[in-house]
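Below is one structure; the comments refer to it alone.
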Amino acid sequence: MNGITQAALVIDWTQMPTYNTIMSVAAGAGLLSVVWLGRGLQRGAPVRLEGYAVSFLVLGTILTITGAHMTLTWPLAKYFPFDNIIFGEPSLGFGVLLLGSAILLWRRKDLPETEDRGAEIASVVRPLGIIIVGFGLALGAIAFAGLIFQLFAAPPEEPISGAFAQWPWVEATFMSGMFGVAGIGAVLFPLALRGFSTGSQRTTWQWIVGICIGLPGLGFFLFGALNFFTHIGLIINTMG
């Protein structure tokens, strides 16, 4: 099947570059950082905006470069061209958002803590709500595609994840769930900005969005780190 044999799985890795290891770690770290920044601003905790600006710059650079290459090189992975859409395009979009956020935070790094920094940053971010909702809908579409077409299943040759190869719905449900929940958080993100200010009580929408962004963020972060082992093992087991 396009260079992959079923008897003894052999993959031509020169035709299948992929970055969803570092992409996943960076995306997870980015989602978690957004939650921590929002939590710190709302609680009125001492938040060093320049630190978050540098963090977003680093993560945004990783996601923009890898996402752009994966998106514009079609198909980057010869055997699984849908990976360009599933991993490349969301990474590119999120990466550019993080880079824009880095500029925003750096320009406001000297904003006095006596001012309502939470409300100020929320007001500047609000126009991005349209594209964030669009990305959220896209993540929802990816989640449905993963479930309907049973994507994300690892072959038996992949360590750990391959143990579930005979049950493709397991990894499909897990990965689609992370995309779907993150999508819900993105769609509801504009609602979380309403009434957001330093010292304010969290609204129901803010709680929901925080959970919907934070949980997938932790999932992508840990799963991406695990993939540095499982993908290396898959390459070793299928080099032929």
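The values are calculated or read from the model by the stated rules, or taken from the named source; none is laboratory data. A quick note: this is a predicted structure, and the numbers were derived from the prediction, not measured. Cβ sites come from the backbone with ideal geometry, for glycine too, and all protein chains shown count toward neighbours.
Please go through region 223-240 and give me each residue that is touching an Asp or Glu at 6+ places or on another chain (Cβ under 7 Å) and crowded, with 18+ Cβ neighbours inside 10 Å, ordered by number.
Hits for region 223-240 are Leu234, Asn237, Thr238.
Within region 183-222, which residues are surrounded by fewer than 21 Cβ atoms within 10 Å (Cβ to Cβ), touching a residue at least 12 places away in the same chain (Cβ under 8 Å) and among the aromatic types (Phe, Trp, Tyr)?
Trp205, Phe221
Of the numbered conditions (1) without any contact (Cβ under 8 Å) to a residue 40 or more places away in the chain; (2) of a type in the set (A, V, I, L, M); (3) loosely packed, with under 14 Cβ neighbours inside 10 Å, Val96 fails exactly one; give the number of that condition.
All conditions are met except number (3).
Report, ordered by the first and then the second residue, all pairs with beta carbons closer than 9 Å, sequence separation of six or more or different chains, a first member in region 63-81 that is at pLDDT 90 or above, and a second member that is acidic (Asp, Glu) and buried (at least 16 other Cβ atoms within 10 Å of the Cβ).
Hits for this filter: Gly67/Glu89; Met70/Asp83; Met70/Glu89; Thr71/Glu89; Pro75/Asp83; Leu76/Asp83.
Select, from Arg126, Arg117, Arg108, the only residue that is basic (Lys, Arg) and free of Cβ contacts under 8 Å to residues at least 60 places away in the same chain.
From the options Arg126, Arg117, Arg108, the qualifying one is Arg108.
Is it true that Ala68 is assigned to a helix (DSSP H, G or I) and either surrounded by fewer than 19 Cβ atoms within 10 Å (Cβ to Cβ) or more than 14 Å from the chain's Cα centre (by Cα) (or both)?
Yes.
Please tell me if Ser161 is within 30 Å of Leu37 (Cα to Cα) and in contact (Cβ under 8 Å) with a residue 40 or more places away in the chain.
It is false that Ser161 is within 30 Å of Leu37 (Cα to Cα) and in contact (Cβ under 8 Å) with a residue 40 or more places away in the chain.
Kindly provide the set of residues from region 103-122 that are of a type in the set (A, V, I, L, M, F, W, C) and assigned to a helix (DSSP H, G or I), ordered by number.
Ile103, Leu104, Leu105, Trp106, Ala119, Ile121, Ala122
Can you find, within region 153-179, the residue that is nearest to the chain's Cα centre (by Cα) among those that are surrounded by fewer than 20 Cβ atoms within 10 Å (Cβ to Cβ) and within 24 Å of Leu92 (Cα to Cα)?
Gly177
Can you name the residue in region 107-147 that is over 19 Å from Leu193 (Cβ atoms) and among the β-branched types (Val, Ile, Thr) and, of all such residues, is nearest to the chain's Cα centre (by Cα)?
Ile142
Just one of Gly88, Gly100, Gly129 is closer than 22 Å to Gly185 by Cβ, assigned to a helix (DSSP H, G or I) and touching a Pro at 6+ places or on another chain (Cβ under 6 Å); which is it?
So the residue among Gly88, Gly100, Gly129 that is closer than 22 Å to Gly185 by Cβ, assigned to a helix (DSSP H, G or I) and touching a Pro at 6+ places or on another chain (Cβ under 6 Å) is Gly129.
Of the residues Gly146, Gly195, Gly185, which single one is out of contact with any Phe, Trp or Tyr (no Cβ under 6 Å at 6 or more places or on another chain) and not in a loop (DSSP other than H, G, I, E, B)?
Residue meeting the stated conditions: Gly185.
Surrounded by fewer than 19 Cβ atoms within 10 Å (Cβ to Cβ), farther than 26 Å from Val187 by Cβ and of a type in the set (A, V, I, L, M, F, W, C) - does that describe any residue in region 23-44?
Looking for residues that are surrounded by fewer than 19 Cβ atoms within 10 Å (Cβ to Cβ), farther than 26 Å from Val187 by Cβ and of a type in the set (A, V, I, L, M, F, W, C), one finds none in region 23-44, hence no.
For Val25, work out the one condition from (1) touching a residue at least 40 places away in the same chain (Cβ under 8 Å); (2) within 19 Å of the chain's Cα centre (by Cα); (3) under 24 Å from Ala192 (Cβ atoms) it doesn't fulfil.
(3)
Take Trp74 and decide whether it is over 14 Å from Gly30 (Cβ atoms) and in a helix (DSSP H, G or I).
No.
Any idea how many residues of region 117-147 are crowded, with 18+ Cβ neighbours inside 10 Å, farther than 15 Å from Val34 by Cα and among the β-branched types (Val, Ile, Thr)?
1
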